[in-house]
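A quick write-up on the structure given underneath.
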Amino acid sequence: MNELPAIVVAGLGRCGTSLMMQMLHAGGVPCVGDWPDFETNDSMFGRFDPKAFSALRGKAIKLITPADLPIGPMPRHVVIWLDRDPQEQARSQLKMLDGIGAPVANNRKSMRVFVAGLRRDRPLNMAAVGVGRLPNLRLSFERLITQPNNCVDALEAFLLSHGYDTVDSRAMQQQIRPRSAACYPGMMEFELLNSQSFERQRSQPGRPGAAL
């Protein structure tokens, strides 16, 4: 039986969870789902299986809005929680919805509603995933983008403290594309999927990807 704890990478939508999963994957941690977003039906779209979750020793899984999932008291999982400036996070959420043609107006009223929702939902989701009662590392998207050395050092120390002693910190840091931490004007997911880096990632897991 694998004695390593599962790693739950969690946050509200558009906070850097995909980037964190890319970093863990590059560093040698087995991850649920596929590059670049590591999103699965089991963890993202209402088919969450608590029994399967309880068997995720030694793997990382991404959970968005974990308060919507019946997580329960799985023994020994640890949490990496991602935050983001609510204004920038709301902008990114509205940009994503606009990009997929969702019937949501991208205007000041929507911004206010989304920012208020993020602030309201944050403590509920942190509690649902176990932040406050389980070992956790809290990072922000802004810090990941602007202070990659500092963040990778903190991440490596956290992983080592829980038995992940073979992670490749250099490979993790290479996943971060230097840029402004403000909401990206385009759809980086599509840029990733159409880039040569995607082909390299498929043939050589752990090679540099990019931040979502």
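The values are calculated or read from the model by the stated rules, or taken from the named source; none is laboratory data. Model, not experiment: these values are computed from the prediction. Cβ coordinates were reconstructed from backbone atoms using ideal geometry, including for glycine residues, and neighbour counts include every protein chain displayed.
Can you go through GLY33, GLY16, GLY28 and tell me which one is at positive phi and either without any contact (Cβ under 8 Å) to a residue 60 or more places away in the chain or of a type in the set (Phe, Trp, Tyr) (or both)?
On the way: GLY16 fails: either without any contact (Cβ under 8 Å) to a residue 60 or more places away in the chain or of a type in the set (Phe, Trp, Tyr) (or both); GLY28 fails: either without any contact (Cβ under 8 Å) to a residue 60 or more places away in the chain or of a type in the set (Phe, Trp, Tyr) (or both).
That would be GLY33, the only listed residue that is at positive phi and either without any contact (Cβ under 8 Å) to a residue 60 or more places away in the chain or of a type in the set (Phe, Trp, Tyr) (or both).
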Problem set entry | Filter result (more than 24 Å from PRO148 (Cα to Cα) and basic (Lys, Arg)) within the range 1-50 | ARG47
Seminar exercise, completed: Those residues of the range 155-176 that are within 12 Å of MET20 (Cβ to Cβ) and part of a helix (DSSP H, G or I) come to a total of 4
For this session: Could you list all residues from the range 36-52 that are at negative phi, part of a loop (DSSP other than H, G, I, E, B) and surrounded by 21 or more Cβ atoms within 10 Å (Cβ to Cβ)?
Result: PRO36
Exercise. On the given criteria, is VAL8 modelled with pLDDT of 95 or more, more than 14 Å from LEU139 (Cα to Cα) and of a type outside the set (Phe, Trp, Tyr)?
Worked result: no
Exercise. Would you call LEU24 modelled with pLDDT under 95 and either within 19 Å of LEU137 (Cβ to Cβ) or hydrophobic (A, V, I, L, M, F, W, C) (or both)?
Worked result: no
Seminar exercise, completed: Being surrounded by 13 or more Cβ atoms within 10 Å (Cβ to Cβ), at pLDDT 85 or above and under 17 Å from the mean Cα position of the chain (by Cα) narrows PHE158, PHE114 down to just PHE158
Problem set entry | Cross-chain or 6+ apart pairs with Cβ under 6 Å, the range 128-147 first and touching a residue at least 40 places away in the same chain (Cβ under 8 Å), then of a type in the set (Gly, Ala, Ser) and assigned to a helix (DSSP H, G or I) | ALA128/ALA67
